[in-house]
Amino acid sequence: MDLKAEIRNVLGKKVKAIRKNNQIPAELYGHGINNLHLLVNAKDFKKALKETGENTILNLIVDNKTYPVLIQDVTNDDLTGQPINIDFYQVRLDEKVKVRVPIEFVGEAPATKEKNGILNKTMLDIEIEAFPKDLPRFIEADLSSLKEINSTLRVKDLKIPKGVTPTIDPETTVATIVEMAVEEEKPEKEISIEDVKVEAEEKKAEREKNQEQKEEAEN
């Protein structure tokens, strides 16, 4: 996807005025280039982010020159959640890069229905290495193989696209089925009127005994 940007000459605190004009300040850096201060249209950027994510190549067009970039970082406003600053990282198409991509869980684990198990997801994203052109938006994890309690889905079980290599141990757990904890319910003891009377008499007798001991001590 293409995203147009323009050179930004406004720096420092003055960038606040830029954001009011539906523009976002951005930085471009990477191999063999000087950092560029940029402006991008907020609406166009949100559309690009939605379609490409932060882990696939975006064609950033500045002064009719195209830069293959990754969206390296997005700073959002704490109150509105809207992007207020962007870092683009230029990549070389002939060099592999390492990025984190989300894991997309598909299907349903039979053990959650048939065995009353609980699905425990231990990983939500994964670091991979690939040439920029091969970077996927996500890695798929099929849950249909989890049929028993304690059955486990590992990195080696993920659907890894051609040209993509996970950077972690293939035996690393991605998801597992655990047994549902059963809390033992302790029956509540029914309190009768007689119990209350006995308790009251015991407390009265204890008070009288304490009073007698006090009087003997004073005499």
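When only alpha carbons are used to place a centre, region 100-178 and region 4-31 end up 38 Å from one another. Computed over the chain with a Gaussian network model linking Cα atoms closer than 10 Å, the most mobile of Ala205, Ala109, Ala42 is Ala205. A full extension of the chain between Leu119 and Tyr29 corresponds to an added length of 28.3 nm, given 0.36 nm per residue minus the alpha carbon distance.
Convex hull over the alpha-carbon atoms of region 98-179: what's its volume per residue in Å³? Could the numbers behind the result be given before it?
Details: hull volume 5.9 nm³, N = 82.
Dividing the Cα hull volume of region 98-179 by its residue count gives 72 Å³.
Residues in region 140-154 carry Karplus couplings, in order, of 8, 10, 8, 8, 5, 7, 8, 9, 10, 4, 6, 5, 10, 9, 10 Hz; the curve used is 6.51 cos²θ - 1.76 cosθ + 1.60 with θ = phi - 60°, and Gly or Pro positions show x.
Assuming charge only on the beta carbon of Lys and Arg (+1) and of Asp and Glu (-1), the dipole of the chain about its Cα centre is about 2300 debye to the nearest 20. Database remark: amide H of Asn85 closer than 5 angstrom to the amide H of Thr75 (H placed geometrically; neighbours at sequence offset of 5 or more, or on other chains; Pro and chain starts carry no H). Here, the chain yields an orientationally averaged convex hull projection of 27.0 nm² when only Cα atoms define the hull. The HN-Hα couplings worked out from phi for region 169-176 by the Karplus form 6.51 cos²θ - 1.76 cosθ + 1.60 (θ = phi - 60°) are 3, x, 8, 4, 6, 9, 7, 8 Hz, whole numbers, x standing for Gly and Pro.
Before rounding to the nearest 500, sum -39500 (n - 2.57) across all DSSP H runs of length at least 4 in the chain and divide by the residue total; then give [θ] at 222 nm in deg cm²/dmol. Before the final figure, lay out the partial values.
Values: 4 runs with 47 residues, N = 219.
-6500 deg cm²/dmol, from helical runs alone.
Modelled spin labels at Lys209 and Lys96, positioned 7 Å past Cα toward Cβ, are 8.1 nm from each other. Seen against the Cα atoms of the chain and their longest principal axis, helix 42-52 is set at about 80 degrees. Looking at region 1-49, the trypsin sites (Lys or Arg not before Pro) that sit in a DSSP loop and have at most 10 other Cβ atoms within 10 Å of their own Cβ are Lys20. Helix 193-218 and the longest principal axis of the C-alpha atoms of the chain enclose an angle of approximately 70°. Of Leu124, Ile160, Thr75, which is farthest along the charge dipole of the chain in the positive direction, counting Lys and Arg as +1 and Asp and Glu as -1 at C-beta? Sorting the options by dipole projection puts first Thr75. A 25 angstrom limit on the alpha carbon distance is what I want to check against. Which of Lys16/Lys46; Lys50/Lys133; Lys16/Lys96; Lys43/Lys159; Lys65/Lys159; Lys113/Lys162 exceed it? Flagged as over cut-off: Lys16/Lys96; Lys43/Lys159; Lys65/Lys159; Lys113/Lys162.
Dividing the Cα radius of gyration of region 1-48 by 2.2 N^0.38 Å, with N the residue count, gives 1.18. Mean separation of Cα pairs under 8 Å and 6 or more residues apart, divided by the residue count, gives the chain a relative contact order of 15 percent.
Rule-based calculations on the coordinates, nothing more; no lab input. What you see is a predicted model, and the numbers here were worked out from it, not measured in a lab. Here Cβ is always computed from backbone atoms with ideal geometry, including for glycine, and neighbour counts include all displayed protein chains.
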